[in-house]
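Heads up, the thing below is written out as structure tokens.
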Amino acid sequence: MDEAELKKFIENSKVTREKTLEFLKKDLIDKKFSLESWKSPKDNPNWSHDHCEICNKEISNLEDVENEAYTDEGGFYWICNACFKIYQKSLGLD
């Protein structure tokens, strides 16, 4: 899904988007994000992937999947590149 398709998808599901963004604003406040390559957590090497907190896009180190995304310092929250660019200001993401 490219950025234009993502925007259209999110605009078509406005109620879900608004609820998701309000939840994320509360949950992500004061978190610092950086672009990182995805890897399994040290405490769970069998973990195969994560999903974007906004659009649910799969993030993994597998082929044909987004391999880099923005994550918080603990690696708990992942936001794909397209969503980060679109919502960086409105969510107050660094």
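The values are calculated or read from the model by the stated rules, or taken from the named source; none is laboratory data. Here the structure is a predicted model, which is why all the values come from computation and not from measurement. Note that we place each Cβ from the backbone using ideal geometry, even for glycine, and neighbour counts take in every protein chain shown.
Going through (1) surrounded by 12 or more Cβ atoms within 10 Å (Cβ to Cβ); (2) of a type outside the set (Gly, Ala, Ser); (3) farther than 21 Å from Asp2 by Cα; (4) modelled with pLDDT under 90 one by one, Asp30 falls short only on (1). Across the range 37-84, the number of residues qualifying as of a type outside the set (D, E, K, R), in contact (Cβ under 8 Å) with a residue 12 or more places away in the chain and within 20 Å of Lys19 (Cβ to Cβ) comes to 11. The residue of the range 47-64 that is surrounded by the most Cβ atoms within 10 Å (Cβ to Cβ), among those that are modelled with pLDDT of 90 or more and of a type outside the set (Asp, Glu), is Ile59.
So, in the range 65-82, of the ones that are exposed (fewer than 14 other Cβ atoms within 10 Å of the Cβ) and of a type in the set (A, V, I, L, M, F, W, C), which residue ends up nearest to Ser34 (Cα to Cα)? Checking each candidate, the answer is Phe76.
Applying the set (1) charged (D, E, K, R); (2) touching a Cys at 6+ places or on another chain (Cβ under 9 Å); (3) not in a loop (DSSP other than H, G, I, E, B) to Glu53 leaves exactly one unmet item: (3).
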